[in-house]
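Here is the structure we will look at.
The values are calculated or read from the model by the stated rules, or taken from the named source; none is laboratory data. None of these values were measured; they are calculated from a predicted model. Cβ: placed from backbone, ideal geometry, glycine included. Neighbour counts: every protein chain shown. Note: areas computed on protein heavy atoms with side chains; ligands, DNA, RNA excluded. Shrake-Rupley method; radii C 1.70, N 1.55, O 1.52, S 1.80 Å.
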Amino acid sequence: MIETTPLTPVLGARITGIDIARGVDAARMAALRDALDRFSVLVFPDQRIDDAAQIAFSEGFGPLERTRPGAPGAGSPVIILSNIGPDGAITAPTDKQVLNNKANRFWHHDSSFKPLPARASLLSAREIPSAGGDTEFASMRAAFAALDPAEQDALRGRVAIHDFGWSRTRVDAALVTEAEHSQHPPVRQALVLEENPHGPALYLGAHARSIEGMGEAQSRALIDRLMALATQPAFTYAHRWRPHDLVMWDNRAVLHRATPFATTTERRHMVRTCVAGTAPTLAAAA
C-alpha cells in the first residue's frame, strides 16, 4: 500500500510503500498523479535506481523532455547535475557545469524558457555532500491564494517574458553561447496558470524578465514582490537530501532552488528527468 505523509501544511508529501526499481503498476501511478496535483512535491526515500529505472518511472507521468544542447546529457532524457568531471575528479570552480549549477541557486521553474515548458521534474540523489546542496521548494498556489481577489483578477491574463539568456548572464556574462541564445529566444508565458485542479498558481521564477504592457522598473517591482510573497517560509519546504532519495515536483505549481555547498571539496551528483508539458501556458489566456 502507498502511504502518503504530508510534509507541510501547504506543499510536499513523503511517499512510501513502493519500490520504483521493481516497477509501479497503473493503479499506483494514477494515485501518484493525483498526489502530485494535490501536494506539488513528492519525496520517495531510499529508491536505489539507475538511469533506466528513473526514465521508465518518469515516463509513467508522460513523455519526457530531451536535455537541451550544451548541458550534460544533451539529447537524452536525463540531465546530469554534478560537480564531478568525466575523469571522476571534482571540476574547477570556473567549469561551465559548475557555473550552470550556480544558476540553479535562483528560484526557478524548470524549462519555463521553452515555448512548451515542463510539467514535472524528478531528481535522484546519487552522491550528496556532507552539508548543503539541499533543494528548496515554494508553493505558487499558496502565493496566489494569499493575494486579495482584486489583485488575483488583475494578474489573470497577464503575460510574462521568460528569457534564458538574460537569466544565465546574471550568473556569468559568458555563460550562454551565441548558439544557446539562438536556440532559446525569449518566450511568452501566462503569469497565472489555471490548470491545476487544486487551484491557480503564479508562474514566474528566475527566467521571468518582464511583464508585457509594463515598463522595466514596474515589471521588476511586481515580479520581485510576488517572488518575495511566494518564497516566504510559510509557503516553502526545504528538502535535505539523503542517499537514494528521489524527489518529484510539479513545475507548474512550485518554484525550486538548490542551496550552496562546498563545491571545491565536496562531491554532488544528481540525475534529473523532466516530464514534458502537454499544452502551452497561454492556451487558456491568449
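The figures follow:
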read-out	value
Residue satisfying condition, being at pLDDT 95 or above, more than 25 Å from residue 88 (Cβ to Cβ) and of a type in the set (A, V, I, L, M, F, W, C), within set 284, 230	230
In region 1-57, the residues that are β-branched (Val, Ile, Thr) and in a loop (DSSP other than H, G, I, E, B)	2, 8, 10, 18, 24, 49
Subset of region 108-143 that is within 24 Å of residue 199 (Cα to Cα) and charged (D, E, K, R) - its residue that is least open to solvent (accessible area, probe 1.4 Å)	110
Residue within region 70-93 that is surrounded by 20 or more Cβ atoms within 10 Å (Cβ to Cβ), in a loop (DSSP other than H, G, I, E, B), out of contact with any Ser or Thr (no Cβ under 6 Å at 6 or more places or on another chain) and among the small types (Gly, Ala, Ser) present	no
Residue list for region 127-153, filter: out of contact with any Lys or Arg (no Cβ under 9 Å at 6 or more places or on another chain) and not small (Gly, Ala, Ser)	141, 144, 147, 148, 149, 151, 152, 153
Pairs where the first residue, in region 16-40, is at positive phi and of a type outside the set (Val, Ile, Thr) and the second is open to solvent by less than 40 Å² (accessible area, probe 1.4 Å) and assigned to a loop (DSSP other than H, G, I, E, B), C-beta under 8 Å, 6+ apart	40/11; 40/12; 40/253
Residues that are of a type in the set (Ser, Thr, Tyr) and at pLDDT below 90, drawn from region 88-122	91, 94
Residue list for region 190-230, filter: in contact (Cβ under 8 Å) with a residue 60 or more places away in the chain and in contact with a Pro (Cβ under 8 Å, 6 or more places away or on another chain)	192, 193, 194
Residues of region 186-238 satisfying the condition of being buried (at least 17 other Cβ atoms within 10 Å of the Cβ), closer than 22 Å to residue 165 by Cβ and hydrophobic (A, V, I, L, M, F, W, C)	187, 190, 191, 204, 206, 208, 211, 222, 223, 227
Residue list for region 37-68, restricted to those being open to solvent by 40 Å² or more (accessible area, probe 1.4 Å) and under 28 Å from residue 202 (Cα atoms)	38, 59, 63, 66
One residue from 55, 80, 90 being in contact with a Gly (Cβ under 6 Å, 6 or more places away or on another chain) and touching a residue at least 40 places away in the same chain (Cβ under 8 Å)	80
Selected residue (only one of 160, 146 is open to solvent by 20 Å² or more (accessible area, probe 1.4 Å) and either aliphatic (A, V, I, L, M) or more than 20 Å from the chain's Cα centre (by Cα) (or both))	146
